[in-house]
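Reading through the structure tokens given below for one structure.
Just so it is clear, none of the values below were taken in a lab; they were calculated from the coordinates. What you see is a predicted model; the values in this text were computed from it and never measured. All Cβ positions, glycine included, derive from the backbone under ideal geometry; neighbour counts span all protein chains shown.
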């Protein structure tokens, strides 16, 4: 057996086992995290976006079908459900800082959530996007792991939903501080809660890095938005797509 | 770490079971989240093992989306064809969402502040 032959054999073995998919996923994310920290945590240098671009380019380069990649990477994907369950802990911690603000918080959450869906769907329809894209915009306003669960239930693409949710988080984290300044919102808890509604996970981690109270309210908003969204978004979707 | 993971998987399994049997429109993990939240509220404390797992997950949450989001390779033609609609929908929606929820919150807590002032004056 010549050397070249054995390299091909190793390659065939590697691309058939979960090892390669797991390795490129973790390595790409690690690189993304490294760049994010190097950029002093600039929201534009998002580790998820970097990892997705790297992995997608790599599997296209080696002509690995997405289904083969996913077969290996599904071990990481599986943990998404467990991570969703673990969101109960930050929500529980946020609850203790609620005091008596239940009413206003829930109402603004509903208004924000509804605005997010209707505006995204409306604009996409106006500019002639097709049904696959419009459908995936329905759950994008909640945190990505819950959004993907909702997408599966209402029969739209979880992949597109995940991408839209991550992009929403990046955009929200970038735009929220200046919009809130323009609106003259100075209270940390109000700023945090608004960012949690509009920019879920990515916004929440930004909020934590600025102020603890803002972070607690942001994770509370993100969690409540996820729970309420999981209940109401399928209903809204079926109402609008009868 | 393992003890916390066992608890999380237990609640996740409970959620999946309820989703299959009772509430098919709700994703199992979301039901698991709600049951765990109720459990925490009843017990009034978070066990250290659970806290450890939750911190681990929240640190690397983003990593868990990567496999699914990489499926973008299957949608590239569609995304290219509708790129402007997608960009405008996402940006417009984020801006409007922030404005709407911020104004709603401001308006209502202003009322809350005024109410509490009135109460203290009476």
Checklist entry - In degrees between 0 and 90, to the nearest 10, how far off the longest principal axis of chain A does helix A:47-61 point, with axes built from Cα atoms? => result 30
Checklist entry - For helix A:18-38, what angle does its Cα long axis make with the longest principal axis of chain A, in degrees from 0 to 90 and rounded to 10? => result 50
Checklist entry - Given labels modelled 7 Å from the Cα in the Cβ direction, how far is it in nm from residue B:88 to residue A:125? => result 1.5
Next on the checklist: Rounding to the nearest 10 and keeping the result within 0 to 90°, find how far the Cα-based axis of helix A:188-210 lies from the longest principal axis of chain A.
Outcome noted: 10
Checklist outcome for this item: Looks like segment B:1-66, by Cα gyration tensor root eigenvalues a ≥ b ≥ c and the a/c under 1.5 rounded cutoff (else prolate when a/b is bigger than b/c, oblate otherwise), is oblate
Checklist entry - Between residue A:100 and residue A:241, 0.36 nm times their residue separation minus their Cα-Cα distance comes to what? => result 47.0 nm
Next on the checklist: For chain B, set up a GNM with springs between Cα atoms under 10 Å and report which of B:105, B:88, B:14 has the largest fluctuation.
Outcome noted: B:105
Item to check | Residues residue A:13 and residue A:114, FRET efficiency given R0 of 35 Å [Cβ-Cβ distance, rounded to 0.05] | outcome: 0.10
Item to check | Cα gyration tensor category, rounded, prolate or oblate, for chain B with a/c compared to 1.5 | outcome: oblate
Checklist entry - Using mean Cβ contacts within 10 Å as the protection proxy, how do A:92-98, A:152-158 order, highest first? => result A:152-158, A:92-98
Checklist entry - Order of A:104-112, A:217-225 by packing, highest average Cβ count within 10 Å first? => result A:217-225, A:104-112
Item to check | Taking B:61, A:138, A:208 and counting other C-beta atoms within 10 Å, the order from fewest to most | outcome: A:208, B:61, A:138
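Among rounded, prolate and oblate, which fits segment A:3-80 when a ≥ b ≥ c are the square roots of the eigenvalues of its C-alpha gyration tensor, a/c under 1.5 means rounded, and a/b larger than b/c means prolate? Numbers along the way, then the final one.
Numbers: a/c = 2.59, a/b = 1.88, b/c = 1.38.
Prolate shape, in that a/c is at least 1.5 and a/b is the bigger ratio.
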Checklist entry - Taking the alpha-carbon centroid of each part, what is the distance from segment B:67-87 to segment A:115-146 in angstrom? => result 13
Checklist entry - Quick one: A:166, B:73, A:8, fewest Cβ neighbours within 10 Å first, how do they rank? => result A:8, B:73, A:166
Checklist outcome for this item: From DSSP H assignment alone, runs of 4+ in the protein assembly as shown each adding -39500 (n - 2.57), the sum over residues rounded to the nearest 500 puts [θ] at 222 nm at -28000 deg cm²/dmol
Checklist outcome for this item: The alpha-carbon center of segment A:65-91 and that of segment A:6-58 are separated, in whole Å, by 16
Next on the checklist: Per-residue Cβ counts within 10 Å, from other chains only, averaged over A:42-55: what number is that?
Outcome noted: 3
Checklist entry - Cα extents of the protein assembly as shown along the three principal axes, largest first, in whole Å? => result 95, 50, 46
Checklist outcome for this item: A correct fewest-to-most ranking of A:178, B:54, B:19 by other Cβ atoms within 10 Å would be A:178, B:19, B:54
Item to check | For A:229-239, mean number of other protein chain Cβ atoms within 10 Å | outcome: 2
Item to check | Number of partner chain Cβ atoms within 10 Å, mean per residue of B:73-80 | outcome: 5
Checklist entry - GNM on chain A, C-alpha springs below 10 Å: top fluctuator among A:176, A:216, A:147? => result A:176
